[in-house]
Amino acid sequence: MHAKGVSANYHSDDFRYKQGPIIATGAVTAKLNKMDIEMDINMVTQECDGKRIPAFNATSVNITVNE
């Protein structure tokens, strides 16, 4: 699976960052304009309530975020 040029927005009202004696709190909003995701997945089966159903395992993931 490969996704190129993905964009996303992230917002948190509960932001806390500590660096030495200084503590910053508040809200943070981030906008990712370009993100590339490469993922290898492996399809397996698992048992749930006595039934065999499909499941997916991520065997390797590589995420590149454009600064």
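Bear in mind that the values in this text are calculations on the coordinates, not laboratory data. Everything quoted here is computed from the prediction, not taken from an experiment. In this analysis, Cβ positions are derived from the backbone assuming ideal geometry, glycine residues included, and neighbour counts consider all displayed protein chains.
Under unit Cβ charges (Lys, Arg +1; Asp, Glu -1), what dipole magnitude, rounded to 20 debye, does the chain have relative to its Cα centre?
120
What FRET efficiency comes out for THR59 versus ARG16 if R0 is 25 angstrom and r is the Cβ-Cβ distance? Round to the nearest 0.05.
Efficiency, rounded to the nearest 0.05: 0.15.
Given the chain, what whole percent of its Cα pairs are spread farther than 14 Å?
Above the 14 Å cut-off, the chain has 73 percent of its Cα pairs.
Only Cα pairs under 8 Å and at least 6 apart count here; give the relative contact order of segment 2-65 as a rounded whole percent.
Value for segment 2-65: 31 percent.
Work out how much length ILE41 to ALA3 would gain on full extension: take 0.36 nm times their residue separation and subtract the Cα-Cα distance, in nm to one decimal.
Contour length minus Cα-Cα distance gives 12.3 nm.
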